[in-house]
Amino acid sequence: MKVRIKFRKYGPVRFIGHLDVMRFFQKALRRAEIDVKYTGGFSPHQIMSFAAPLGVGLESNGEYMDIECNSVTSSRDMIERLNSVSVPGIEVVSARQLPDWAGNAMASVAAAEYTVRFREGREPKFDWTHAFGSFLSQDKIMVTKETKKGLQKVDIRQGIYEMSSAPSSDCPAIHLLVDASSAGNIKPVKVIEAFCDAFGEKLQENALFITREETYTNVGTSEERRLIPLNEVGTDIEESTDMYDNINGDGNIKTANREGMEDGL
Amino acid sequence: MNKLALSDDILMKIEKPARYIGHEVNAVVKDKSKVAVRFVMCFPDVYEIGMSHLGIQILYDMFNTMEDVWCERVYSPWLDLDAIMRKEHIPLFALESQDPIKDFDFLGITIQYEMCYTNILQVLDLAQIPLRAEDRGEDVPIVIGGGPCTYNPEPIAEFFDLFYIGEGETQYESLLNLYKACKKEKLGREEFLRRAAKLPGMYVPRFYEASYHEDGTLAAFTPTEDGIPATVTKEIEMDVSNTYYPMKPVVPYIKVTQDRVVLEIQRGCIRGCRFCQAGQLYRPVRERDVETMKRYALEMLKNTGHEEISLSSLSSSDYTKLPELVDYLIEECDKRHINISLPSLRIDAFSLDVMGKVQDVRKSSLTFAPEAGSQRLRDVINKGLTEDVILKGAAMAFHGGWTRVKLYFMLGLPTETQEDIRGIAELSNKIAATFFEEIPKEERKNGRVQIVASTSFFVPKPFTPFQWARQCTKEEFLDKAYFTKRCIGEQLNQKSIKYNWHEADASVMEGVLARGDRRLSKVLLKVYEKGCFYDAWGEYYKNEKWLEAFGECGLTVDFYATRERSMDELFPWDFIDCGVTKEFLKREWLKALEGRTSPNCRKQCQGCGASRFGGGICFEPREADNTCC
């Protein structure tokens with residue numbers, strides 16, 4: 001059974017890289033005693049897939065990973081168990097069962113939504129809150145991208161789906177919805193660099209505080225996109241009323257219950 | 001969540017910022033307004049090394065079980081952050097609270113190897129604590145040293161207020177109680193240290209004085225005040241099954257060297273290899289109860305989520321309940337998809353069977369540590385491993401499918417001759433030959449066997465029978481390595497043998513620091529002022545700076561390393577009583593020179609002196625044995 005887990009990442013753990021977040025969850029799943037499926041061999045590993053990697057220093061309200069489970073309890077129970085063994089700043093917000101037809105998290109990613117804030121004193125001087133329209137009216141927005149072949153000039157205009165003032169935030173901010181598919185992923189910092197560039201300014205070093213708000217998959221077509229959050233593909237797992245559902249294939253009562261029993265003793 | 005000590009700008013600029021942010025799983029956070037003592041434990045090397053150290057995890061856990069104590073951690077900032085902290089005057093901070101270390105009550109530094117001494121200075125310097133203990137005022141943390149290197153604390157004596165000699169489980173509580181009492185009475189730093197010096201296991205360098213003979217050797221080492229003990233006896237935890245052990249060790253975010261649950265199954269070693277310091281320091285052998293170990297294993301796996309577990313001890317094959325423990329772990333770990341990382345085991349039918357179960361035979365290699373190439377020299381060092389045992393073990397392993405063998409040797413051991421060195425090549429060759437003899441051509445995977453022979457250079461250490469031995473010069477060491485290489489090149493199966501050797505410069509300096517005296521504090525200060533630290537990392541070790549510093553201090557490397565020491569010389573570490581007596585070490589040194597071996601503790605007591613601690617192997621029945629040497 002495939003389960004898609006959505007989590008937030010904020011605070012000090014922003015400085016933990018993608019691979020280390022993966023390692024964190026491998027250990028967290030063991031601590032939470034989630035019944036994850038493993039590969040075979042001498043060094044078995046959990047069957048796990050992460051959606052779009054988040055850069056070091058970024059915050060997120062919409063990170064995803066898919067795991068395969070032998071058995072599950074309920075969405076609520078999984079969320080509680082994972083959060084009880086987590087650290088401040090990594091918070092699981094949903095755990096939903098995926099239909100069999102769903103592609104894995106990584107392959108499913110089509111777009112990502114960001115809120116971008118300028119750090120104090122590092123805002124550009126031009127009237128940027130009113131400049132989105134003219135920036136987006138360009139036919140092409142060329143940026144230099146690091147590829148395996150070295151630096152390449154690419155056009156990112158088609159990959160910027162939305163760019164506007166972010167609604168209801170404490171300080172002026174930018175709302176961005178951009179292509180995040182493996183073929184066309186656009187880093188928000190590249191967009192803002194091009195934005196400043198277009199108005200004759202250079203973005204200062206480490207000028208942005210970026211929050212990824214959500215990661216989307218496309219359930220429409222490539223011409224007519226219909227973007228929905230990755231966890232909307234799945235459905236909540238309800239708590240079972242039948243106690244025998246809580247028994248594993250090997251006949252052991254699941255640990256959550258067993259621990260409860262020990263506590264009672 | 002605590003506010004980070006480093007700004008986002010800095011964290012985005014440096015390598016692996018996760019080294020400095022704390023907040024790891026199982027890290028202990030307390031309310032600082034509600035604790036009486038703030039302790040920070042330091043391993044003076046980079047995070048990935050320091051976080052792999054079991055000792056700190058044990059003490060961290062122990063301190064934090066004390067309700068009014070909050071123990072945090074700190075490691076050496078890596079070079080990139082070090083440069084930024086110096087430039088921007090950012091004080092070194094503890095990981096948990098992110099508060100500056102200079103505001104703590106205690107800074108405890110574990111000292112595991114000599115080449116980290118300059119990193120101690122780096123930590124003090126970045127923490128904005130005066131490097132020399134005598135320059136420290138009332139508002140500065142008490143700097144305590146512990147760990148194996150403190151069995152000769154003299155080279156770093158000037159930098160420490162206090163050394164805790166021995167195992168940490170026993171006296172810290174009394175030390176902290178004393179501290180609290182002194183603080184309450186506003187007695188001040190000096191008086192606290194004076195009283196601390198009277199607690200068991202505590203050495204406070206400022207209350208001792210060294211004088212020297214004209215030839216530079218130590219004439220006397222005495223307390224400067226009445227009531228300060230002339231001898232400091234090591235502390236030892238005799239009930240190892242019922243003491244502190246971290247059931248919830250801190251789990252780092254980034255990959256560290258020891259990224260697994262570590263189960264310490266016993267302390268001490270029965271073997272008595274004459275070059276080995278740990279084998280003497282941790283006497284007597286004390287085994288941990290196997291049922292306790294089983295329980296700890298499962299609990300720690302559950303609390304950390306680690307995917308691997310390993311056993312820790314000096315010689316795990318000598319743990320009497322090893323088969324029982326390993327069988328249990330194999331069964332339980334298999335259920336949980338946990339890997340078992342085996343310690344180095346004596347190669348026999350049992351260990352090969354276990355290894356075959358827990359490792360991929362095709363990918364793993366077999367390790368032997370004969371340490372010396374000839375039987376004669378192995379007898380000198382009392383390494384009870386014979387060629388016959390090695391070849392039989394190798395043959396068994398080759399039949400089991402192994403094709404890779406690692407061999408560890410030392411060069412420059414006392415009495416070593418060219419013949420002994422040639423023995424390294426010959427033994428390597430015989431192991432390769434065994435493969436070709438034992439395994440028929442059609443069964444040979446890739447048709448080959450790979451032998452990797454590695455040599456390190458012998459460094460004489462305090463409290464070993466070889467503490468009287470002269471160490472080779474760098475040139476002698478390198479000649480020996482080239483000769484080894486030539487001998488290997490002359491072997492029939494030389495194509496199957498790869499040879500590696502270590503750096504010689506740092507080995508000599510390690511020897512100097514290991515057997516050094518108080519005067520070396522000046523050299524260390526000079527070396528550090530010349531910009532040296534991370535000297536344990538080969539690429540950052542600058543030998544010429546060290547030699548310069550010796551010259552400027554009017555001291556020589558030869559005095560500490562290559563000089564012959566007389567049997568009645570007073571050593572700088574003689575004021576410490578580590579349990580084994582100097583008489584015993586002398587007996588062993590003389591036996592070594594005659595090439596005579598000593599049986600291990602389980603076979604026959606050698607009267608080393610450690611039985612006075614009243615427990616461990618000294619009071620267990622001897623093995624009925626007729627093959628005794």
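A short reminder: the numbers here are calculations on the coordinates, not readings from a lab. Worth saying up front: this structure is predicted, and the values here are computed from it rather than measured. FYI the Cβ positions are ideal-geometry reconstructions off the backbone, even for glycines, and counts take in every protein chain you see.
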* Once phi is turned into ³J(HN,Hα) by the Karplus curve 6.51 cos²θ - 1.76 cosθ + 1.60 with θ = phi - 60°, what whole-Hz value does each residue of the range A:99-110 show in order, with x for glycine and proline? -> x, 4, 6, 5, x, 6, 3, 4, 6, 7, 5, 10
* Treat each spin label as a single point 7 Å out from the Cα along the C-beta direction, and report the B:ARG86 to B:GLU214 distance in nm. => 4.3
* Obtain the nm distance between the two label points defined at B:LYS180 and B:MET567 by a simple spin-label model: each point lies 7 Å from its Cα along the Cα-to-C-beta direction. => 5.2
* To do: Hey, could you get me the Stokes-Einstein D for chain A, Kirkwood radius over alpha-carbon pairs, 4 °C and 1.567 mPa s, rounded to whole µm² s⁻¹?
  => 63
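Tell me, what are the semi-axes, in whole angstrom and largest first, of the equivalent ellipsoid of the range B:496-629 as set by the roots of 5 times the Cα gyration tensor eigenvalues? Intermediate values should be presented prior to the final figure.
On the way: eigenvalues 283, 84, 46 Å².
Computed over the range B:496-629, the values are 38, 20, 15 Å.
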* Structure fact -> Pseudo-spin-label distance A:ARG225 to A:HIS45, built 7 Å along Cα→Cβ, given in nm, is 3.1
* Measuring from the lowest to the highest alpha carbon on each principal axis, how far does chain B reach, largest first, in angstroms? -> 77, 64, 53
* In a shell of Cβ-Cβ distance under 13 Å around B:PHE584, excluding B:PHE584 itself, what net charge do Lys and Arg (+1) and Asp and Glu (-1) give? -> +4
* Asked: Looking at the range B:502-586, which GluC sites (Glu not before Pro) are DSSP coil and have at most 13 other C-beta atoms within 10 Å of their C-beta?
  -> B:GLU564
* Structure fact -> Quick shape check on the protein assembly as shown: root eigenvalues a ≥ b ≥ c of the Cα gyration tensor, a/c under 1.5 is rounded, otherwise prolate if a/b tops b/c, else oblate, and it reads prolate
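Considering only the other residues whose Cβ falls under 13 Å of the Cβ of B:THR403, what net charge follows from Lys and Arg at +1 and Asp and Glu at -1? Spell out each step's value before the answer.
Details: positive: B:ARG362, B:LYS363, B:ARG404, B:LYS406, B:ARG444, B:LYS445, B:ARG448; negative: B:ASP360, B:GLU438, B:GLU443.
Counting the neighbours of B:THR403, the net charge comes to +4.
Just check the range A:2-106 against the gyration tensor rule for me: Cα atoms, a ≥ b ≥ c as the square roots of the eigenvalues, rounded for a/c under 1.5, and otherwise prolate or oblate depending on whether a/b exceeds b/c.
On the way: a/c = 1.44, a/b = 1.36, b/c = 1.06.
Verdict is rounded for the range A:2-106.
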* Using the structure shown, select from B:LYS198/B:LYS302; A:LYS148/B:LYS13; B:LYS363/B:LYS495 the pairs with a Cα to Cα distance greater than 32 angstrom. => B:LYS198/B:LYS302
* Be a star and scan the range A:1-24 for residues whose amide nitrogen sits under 14 Å from the point 7 Å along the Cα-to-Cβ vector of B:VAL29. => A:10-14
* To do: Under a 10 Å cutoff between Cα atoms, tell me which one of A:GLN158, A:GLN97, A:GLN138 has the largest fluctuation in the Gaussian network model of chain A.
  => A:GLN138
* Tilt of helix A:18-31 relative to the longest C-alpha principal axis of chain A, in degrees (0 to 90, nearest 10)? -> 20
* B:LEU411's amide H: which non-local residues (gap 5+, or another chain) put their own amide H closer than 5 Å, with H modeled 1.01 Å from N in plane and none for Pro or chain starts? -> B:SER456, B:PHE457, B:PHE458
* Hey, which aspartates and glutamates would be in cross-link range of B:LYS526, C-alpha to C-alpha under 12 Å, not counting anything within fewer than 8 residues on its own chain? -> B:GLU548, B:GLU552
* Which aspartates and glutamates have a Cα less than 18 Å from the Cα of A:LYS202, not counting those fewer than 8 places away in the same chain? -> A:GLU120, A:GLU123, A:ASP127, A:GLU193, B:ASP9
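Once every DSSP H run of n ≥ 4 in chain A is given -39500 (n - 2.57) and the sum is divided by its residues, what mean residue ellipticity at 222 nm do you get, rounded to the nearest 500 deg cm²/dmol? Walk me through the numbers before you get to the answer.
Values: 6 runs with 54 residues, N = 265.
Per the formula, -6000 deg cm²/dmol.
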* Expressed as an acute angle from 0 to 90° and rounded to the nearest 10, what is the orientation of the C-alpha long axis of helix A:188-198 relative to the principal long axis of chain A? -> 10
* **Sequence-distant lysines (8 or more away, or on other chains) whose Cα lies within less than 17 Å of B:LYS357** => B:LYS335
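Quick one: net charge around A:THR147, please, counting Lys, Arg +1 and Asp, Glu -1 for every other residue with C-beta under 15 Å from its C-beta. Write down the numbers at each step before the final one.
Details: positive: A:LYS145, A:LYS148, A:LYS149, A:LYS153, A:LYS187, A:LYS190; negative: A:GLU146, A:ASP155.
Once positives and negatives cancel, what remains is +4.
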